[in-house]
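Worksheet: one structure, shown below.
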């Protein structure tokens, strides 16, 4: 868990995807997030967190449903959304904080 907190302290934007293997909508998000990363390049870091393997972290951040996306900048949550989010919506939100 400490490495998670080190990563989100960065001044680089960090998009965290809380997901689960058994989650259908999470499987839909996976290629969308790959496209976002391919489009945004080094402007963001994408971090995937399996809620079943990281239950304490998910609980500490009040992640109650998957997928949940959380965008961090300088250790602060600047955007949070649950459910499937389209690529253009994610990129638009990221661009607000670049």
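The values are calculated or read from the model by the stated rules, or taken from the named source; none is laboratory data. Owing to the predicted nature of the structure, the values given are computational and were not obtained by experimental measurement. Neighbour counts are summed over all protein chains in view; Cβ atoms, including those assigned to glycine, are modelled from backbone coordinates with ideal geometry.
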Members of region 82-95 found to be closer than 22 Å to residue 41 by Cβ, in contact with a strand residue (DSSP E or B) (Cβ under 9 Å, 6 or more places away or on another chain) and touching a residue at least 12 places away in the same chain (Cβ under 8 Å), listed by number: 85, 90, 93, 94
Taking region 56-78 and keeping only residues that are over 15 Å from residue 29 (Cβ atoms) and not in a helix (DSSP H, G or I), one is left with 61, 62, 64, 72, 73, 74, 75, 76, 77, 78
Looking only at region 24-43, count how many residues are touching a helix residue (DSSP H, G or I) at 6+ places or on another chain (Cβ under 9 Å) and under 17 Å from residue 68 (Cβ atoms). 3
Quick test of your reading of the structure: residue 41 fulfils all but one of (1) in a helix (DSSP H, G or I); (2) within 12 Å of the chain's Cα centre (by Cα). Name the failing condition by number. (2)
Per the filter on region 44-55, residues surrounded by 16 or more Cβ atoms within 10 Å (Cβ to Cβ) and not in a strand (DSSP E or B) are 51, 54
For region 79-91, enumerate the residues that are surrounded by fewer than 18 Cβ atoms within 10 Å (Cβ to Cβ) and assigned to a helix (DSSP H, G or I). 87, 88, 89, 91
Looking only at region 41-77, and only at residues there that are without any contact (Cβ under 8 Å) to a residue 24 or more places away in the chain and touching a strand residue (DSSP E or B) at 6+ places or on another chain (Cβ under 6 Å), the one that is nearest to residue 12 (Cα to Cα): 77
If you go through region 48-98, how many residues are on the phi > 0 side of the Ramachandran plot, modelled with pLDDT of 95 or more and over 12 Å from the mean Cα position of the chain (by Cα)? 1
Complete set of residues in region 1-31 that are in a helix (DSSP H, G or I), at pLDDT 95 or above and surrounded by fewer than 18 Cβ atoms within 10 Å (Cβ to Cβ): 24, 25, 27, 28, 30, 31
